[in-house]
1. Can you classify segment 208-258 as rounded, prolate or oblate using the Cα gyration tensor, where a ≥ b ≥ c are the square roots of its eigenvalues, rounded means a/c under 1.5, and otherwise it's prolate if a/b beats b/c and oblate if not?
2. Determine the order of T189, T372 by accessible area, beginning with the largest, at a probe radius of 1.4 Å.
3. Report the extension gain between N87 and R142 in nm, rounded to one decimal, defined as 0.36 nm multiplied by the number of residues separating them, less their alpha carbon distance.
4. Taking 0.36 nm per intervening residue step and subtracting the Cα-Cα distance, what contour gain separates E360 from D159 on full extension?
5. Sticking with the crude label model, points 7 Å out along Cα→Cβ, report the distance from E347 to Q287 in nm, one decimal please.
6. Rounded to the nearest 0.05, what FRET efficiency is calculated for L135 and K112 with R0 set to 22 Å and r the Cβ-Cβ distance?
7. Could you name the lysines in cross-link range of K353, using Cα to Cα under 23 Å and dropping any fewer than eight places away on the same chain?
8. To the nearest 10 square angstrom, how much accessible area does R156 have with a 1.4 angstrom probe?
Amino acid sequence: MANNEELFKQIISHAKEYGFIFPSSEIYDGLSAVYDYGEYGVELKNNIKQYWWKAMVQYHENIVGIDSAIFMHPTIWKASGHVDAFNDPLIDNKDSKKRYRADVLIEDHIQKIEDKINKEVEKAKKRFENFDEDLYRKTNQRVVEYQQKIDDITARYADLMNRTDLAGLKALIEELGIVCPISGTKNWTDVRQFNLMFATQMGSVAEGADTIYLRPETAQGIFVNFLNVYKTGRMKIPFGIAQIGKAFRNEIVARQFIFRMREFEQMEMQFFVRPGEELKWFDYWKQTRIKWHQDLGIAPENYRFHDHEKLAHYANAATDIEFKFPFGFKELEGIHSRTDFDLSQHEKYSGKKLRFFDPETNESYVPYVIETSIGVDRMFLAVFSHAYTEEKLEDGSTRVVLRLPAKLAPIKAAVLPLVKKDGLPEKAREVMDMLKPYMMCQYDEKDAIGRRYRRQDAIGTPYCITIDNQTMENNTVTIRERDSMEQKRVPIKELLSDIVF
Ligand code: GAP
């Protein structure tokens, strides 16, 4: 059984080998933390977006969608706080010239101590089983010491981050003896703030042209269209505006495949509510969003809430939905109660009133906002990594199968003539033509049927439909279900009701 690191490597290579995800610009040696989606990847990604859009826009009568531009007026990013505060603390190693996030260096150091604890716990268990009480006690003592160390570092680190004490962060890195993984030295520069927004110029000449930014989140496109949508959509509070689109962040530490990218996609929704009712709606969205995840059939123990104790100055409640990725529980989605911060800031900077007139209370006010925000790519990684399974079969062989939720699978049904003769391919084409208008299907007649089944398992196709000699006699086919590998024979005319997704 592969350990988690090996498993993750296998998942990444499976994604490439089967046309889900390719490194960007690969023939030029790639571009760090930028990826392209292949022929099956784009289908899975589109299905994720559709699943979100249906749940948010189609099922909620009071939520509408928009598609705002990536380029926006630069003052928007001043108003939102991104120009001044969308920073990560960076540090360089003078020998390797490599750049790191100071906070990540410390978090990795804490993780290493945690790994030591896990090893010691394993040892302690064995010693306990062997009745070696003395060694058991000593090992336990070490675990307690490590834990104290972690608590101490974590408390100091959190305090330094909260106070943005950059000199303190450097001092802590030095005190912990953290070395650069490349050079192995402690020759660090000072810690500096690094703004994550990509800047570019608008206009044909750079000189005198305005600096504009590639948006680091889609949310601001929603806020600045609040008034337009409220009026043209004749919206009444509470109501929401949803958007799916690209976002860009110049991440210093971009790693873990598509978990942290420099160009990625977000699915965000801002829900505008009456001031004072925001916590009730925050709770509603917490429950609604976790249900959306769990309705995919992924076991609940793979998700957990991480409520924020320390809140951003504009938020009065915040939680992350964390998912159990192969590298541990990490943020998948954020749900934030953002008060009236964003709309008030845009009122201030634009000079336009961004208020809702409430006919029930006869009052005009800046609505409060609950935001739900999830990365498409991160959701892709969650379902893809969870779906990847290596199964030992009775004959000793290994089957790699992507147990994707059927509604997200890139190809819903594969149509396979058993042999390339006796009119079977023509019959299979007829079946394809019947299914095509309703779902993505794939025709495959190459290789033995067993190999074709394996190919479909590897891309997560829930159903394989085989056309054989009996089909020619009585118009029935076999349907093989991906996970159970069970087969049943059904009349062609009933196929559409048998394929469920
Ligand atoms: N508007 C709020 C916002 O953008 P965030 O926590 O910075 O909040 C929301 O991002 C979600 O976007 C995250 O939960 C994650 O799923 C996704 N995300 C953020 N940065 C990302 C990155 N560099 N690569 C991939 N996904 C990212």
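1. oblate
2. T189, T372
3. Separation in residues times 0.36 nm, less the Cα-Cα distance, equals 16.1 nm.
4. Going from the current span to full extension adds 67.9 nm.
5. For E347 paired with Q287, the spin-label model returns 3.1 nm.
6. Taking R0 as 22 Å, the efficiency between L135 and K112 is 0.40.
7. Straight-line reach from K353, under 23 Å: K78, K231, K236.
8. The accessible area of R156 comes to roughly 80 Å².
The values are calculated or read from the model by the stated rules, or taken from the named source; none is laboratory data. Remember, predicted model here, so these are calculated numbers, not experimental data. Reconstructed Cβ throughout: ideal geometry from the backbone, glycine too, with neighbour counts over all protein chains shown. The accessibility values were calculated without ligands, DNA or RNA, using every heavy atom of the protein model including side chains. Shrake-Rupley method; radii C 1.70, N 1.55, O 1.52, S 1.80 Å.
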